[in-house]
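Student: I'd like to ask some things about the structure below.
The values are calculated or read from the model by the stated rules, or taken from the named source; none is laboratory data. Remember, predicted model here, so these are calculated numbers, not experimental data. Note: ideal-geometry Cβ built from the backbone for every residue, glycine included; neighbour counts use all protein chains shown.
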Amino acid sequence: MTERKIALITGGSRGIGFSCAKELAVNGCDIIINDICDAATAQPAIDEIKALGVNAWFYQFDVSNDEQVKAAVDKMIEEHGHIDILLNNAGITKDGLFLRMDAEQWERVIKINLGSAYYVTHAVIKYMMKARQGSIINMSSIVGVHGNAGQANYSASKAGLIGLTKTLAKEFGSRNIRVNAVCPGFIQTAMTANLGNIEEYAKAIPMQRFGTPEDIAKVVKFLALDTDYVTGQAIEVAGGLML
Ligand code: NAP
């Protein structure tokens, strides 16, 4: 068993999740990466984290499948003993104007983006309670605060994460478990790769650029490791977008 803190990051093999994994690893955490991809696809991410001098393990499961989540989290505890930091990061988009949004589009996004936070947190938090400590971070979005035409399903899922965050902060503060949300603006990842003309979008951002995954990782690291007294917050990391 390791003495380092262990961070579980869902959807962590690429994009924002992977950047957060590296930032936490650089700061001395062992890392458990979850993703829906197979182990071979995630292996380069695991190798890159291990090269930072910490342990890194991969668990393949679908965060929207309650049974898979429970089995995987129990296995993690059996194999590694504890989970100190949980980053609920896995997420998808299935955009469309509301009148054309079918029920499958709605349900899939709600289940993966919001349902997953229930499943994974529910499986992990009982172990955090026993340890009387933990930090949970939910990857929301500024559209969960402000809304966005064409993203009713995604915005609702991200707003739901903020409600969940604030409620769990109230329920678990006395157990020394902090729960916060990060609300990124436009961040350059695969998720925003097909937006088209990035320069045009950037003009609407006071800081005149898209964010990087590293911009988000710094805030996640602050919430996970640098503070013991911040809880129930939804922190916008968006270069001033929608101020
Ligand atoms: P990304 O590059 O698409 O990464 C998301 C990861 O989640 C992928 O590795 C994906 O795997 C995984 N995933 C999807 N469904 C899953 C499932 N059912 N079970 C397990 N893993 C699953 O996206 P990103 O931009 O880094 O986004 C990360 C988080 O930040 C998301 O929650 C997103 O909503 C949020 N966010 C992003 C932005 C932005 O501008 N990029 C802004 C605000 C919020 P596959 O690709 O193999 O399916």
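Student: Quick one: is Ala156 in contact (Cβ under 8 Å) with a residue 40 or more places away in the chain and assigned to a loop (DSSP other than H, G, I, E, B)?
Tutor: Against the criterion (in contact (Cβ under 8 Å) with a residue 40 or more places away in the chain and assigned to a loop (DSSP other than H, G, I, E, B)), Ala156 does not qualify.
Student: Another question, then. Within the range 17-52, which residues are touching a Gly at 6+ places or on another chain (Cβ under 8 Å), aliphatic (A, V, I, L, M) and within 12 Å of the ligand (Cβ to nearest atom)?
Tutor: Within the range 17-52, Ala21, Ile33, Ile36, Ala45 qualify.
Student: Now a separate question. Give the residue that is nearest to the ligand (Cβ to nearest atom), with candidates limited to residues of the range 189-231 that are within 20 Å of His146 (Cα to Cα) and part of a loop (DSSP other than H, G, I, E, B).
Tutor: Among those that are within 20 Å of His146 (Cα to Cα) and part of a loop (DSSP other than H, G, I, E, B), it is Phe210.
Student: Out of all the residues in the range 78-91, is one or more touching a Phe, Trp or Tyr at 6+ places or on another chain (Cβ under 7 Å) and not in a helix (DSSP H, G or I)?
Tutor: yes
Student: Condition first: closer than 21 Å to Asn176 by Cα and within 12 Å of the ligand (Cβ to nearest atom). Now tell me which residues in the range 112-145 satisfy that.
Tutor: Ala117, Tyr119, Val120, Ile137, Asn138, Met139
Student: Continuing with this model, one more query. Anything in the range 166-188 that is within 9 Å of the ligand (Cβ to nearest atom) and either small (Gly, Ala, Ser) or modelled with pLDDT under 95 (or both)? List them, or say none.
Tutor: Correct list: Gly185 only.
Student: Out of the residues in the range 97-132 that are of a type in the set (Gly, Ala, Ser) and surrounded by fewer than 16 Cβ atoms within 10 Å (Cβ to Cβ), which is nearest to Gly12 (Cα to Cα)?
Tutor: Ala131
Student: What are the residue pairs meeting all of these: first residue in the range 163-176, first residue among the β-branched types (Val, Ile, Thr), second residue exposed (fewer than 15 other Cβ atoms within 10 Å of the Cβ) and in a loop (DSSP other than H, G, I, E, B), Cβ atoms under 8 Å, and 6 or more apart or on different chains?
Tutor: Sorted first by the residue in the range 163-176, then by its partner, the list stays empty.
Student: A further question on this structure: Taking the condition closer than 13 Å to Asp35 by Cα, within 14 Å of the ligand (Cβ to nearest atom) and within 15 Å of the chain's Cα centre (by Cα), does Val109 pass?
Tutor: No: the conditions fail for Val109.
Student: Hey, can you tell me all the residues within the range 186-225 that are of a type in the set (Gly, Ala, Ser) and under 24 Å from Ile136 (Cα atoms)?
Tutor: Gly211, Ala217, Ala224
Student: For residues that are crowded, with 16+ Cβ neighbours inside 10 Å, free of Cβ contacts under 8 Å to residues at least 60 places away in the same chain and more than 14 Å from the ligand (Cβ to nearest atom), scanning just the range 53-87, find the one that is farthest from Phe222 (Cα to Cα).
Tutor: Ile77
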